1. Name the one entry in D172, D149 that is crowded, with 20+ Cβ neighbours inside 10 Å and not aliphatic (A, V, I, L, M).
2. Report whether or not Q174 is of a type outside the set (A, V, I, L, M, F, W, C), part of a strand (DSSP E or B) and not assigned by TED's automatic domain parsing to the domain that holds A106.
3. Do we have T286 as modelled with pLDDT of 95 or more and more than 31 Å from the chain's Cα centre (by Cα) here?
4. Take the conditions over 18 Å from the mean Cα position of the chain (by Cα) and on the phi < 0 side of the Ramachandran plot and apply them to N165. Does it pass?
5. Against the condition over 30 Å from the mean Cα position of the chain (by Cα), assigned by TED's automatic domain parsing to the domain that holds V288, modelled with pLDDT of 95 or more and in a loop (DSSP other than H, G, I, E, B), how does T182 come out, does it pass?
6. Considering segment 293-324 alone, what residues qualify as being β-branched (V, I, T) and under 17 Å from D252 (Cβ atoms)?
7. Show me the strands (runs of 3 or more DSSP E) found entirely inside segment 241-329 where at least 3 residues are over 28 Å from S212 (Cβ atoms) and touching a residue at least 40 places away in the same chain (Cβ under 8 Å).
8. Search segment 92-106 for residues that are assigned to a strand (DSSP E or B) and pair each with any residue that is among the acidic types (D, E) when their beta-carbon atoms are under 6 Å apart and the residues are at least 6 apart or on different chains.
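The values are calculated or read from the model by the stated rules, or taken from the named source; none is laboratory data. No experiment lies behind these values; they were computed from the predicted model shown. Backbone-built Cβ (ideal geometry, glycine too); neighbour counts: all protein chains shown.
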Amino acid sequence: MSRVRALNAVLVVATTAALALVVVPVTLAAFTARAESSGNVVVAANDFRAPQVTAAVIAKGVGGAAGFVKQGGEYFVYANVAADTGNPASGIATVQANVATVTTGATAVTLSAGPFSVDGVSYGYRSAALSANAVLAEGNKAFTVTATDNALNASSLGGSVTVDNTSPKASDVQTTNVAAGTNGLAEQGDTLVLSFSEPIEPASVLAGWNGSATNVTVRIVDNSLLGLGLGNDVVQIFNSANTAALPLGAVDLGRTDYVTGLVGGIVKFGATGTRSTMTMSANTLTVVLGTYEGEGLLGSNRMTAAGNGTAVWTPIATPYDRAANAMSTAAATESGPADREF
């Protein structure tokens, strides 16, 4: 019996030891201290989003239509940049243009905050005045504007500008007779139409003008003296106050009998009453005659032309095109067969 009891005692001890091994905790040790290393610190950036350039354009220095320059001409770069949208935003650091295709070496031109306006559009940024290369081939030139924020995120927008080095020219001159009017007699509602070889900046004809209908005064000048017919009658366009001729030159009507006077003189249309108006659309300038006003018995009075003639328009160099090229002074002869004007 003693042997049996001894064996049982051994079995109990072995079983207890085995159970003790099974319930040993998984954690074998606990940290009692820690060491830090700055190289292991992870920091999240505040702004991963680049500011977006939403519009970019080049415009000549004298204003008017954007998108055109000439060789040697002055121009500005304009741009709009949307608000930085980082969370939180780091803010816009720089806005720069690469216009090396227009001005050699100009790869990082700084644009300053506005506001600015060109061609009726508002922009938030603009460069300082730049000069196009003195020799620059005609055609489209690409450029880019890049916006960079303080977190060094950047985005770009490309654009193009047209180089035009060709002077505009007078291409035609015509008149029309108002419905139910007398052909050959200048009267209210008749028109004078001047055609250019390309669009002209309205403001180069009349300061602040955008091409919409504006009041003017039309004069027809009698160049005769005592009926001697020393020169053909001529049309001139004056401002609304009838104090200064607009830079449109003169239209020779090809005859001497649209106006008559003992010592020459003028007749006017639209100086009073219904005003004469001037409108520009694309390449065409149209003048509509207003109320007629003669100068009395001893002055000039209108007449009905007795025969046909051919009008000739001789412009002057003051007007300019969308690239600021000055007008050619070469004359344009009325197209079509000889006829009575108005």
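1. Values: D172 fails: crowded, with 20+ Cβ neighbours inside 10 Å.
Exactly one of D172, D149 is crowded, with 20+ Cβ neighbours inside 10 Å and not aliphatic (A, V, I, L, M), namely D149.
2. yes
3. Values: modelled with pLDDT of 95 or more: yes; more than 31 Å from the chain's Cα centre (by Cα): no.
No.
4. no
5. yes
6. Passing the criteria: T310, V312, T314, I316.
7. 259-261, 300-302
8. I92/D84; I92/D149; A93/D149
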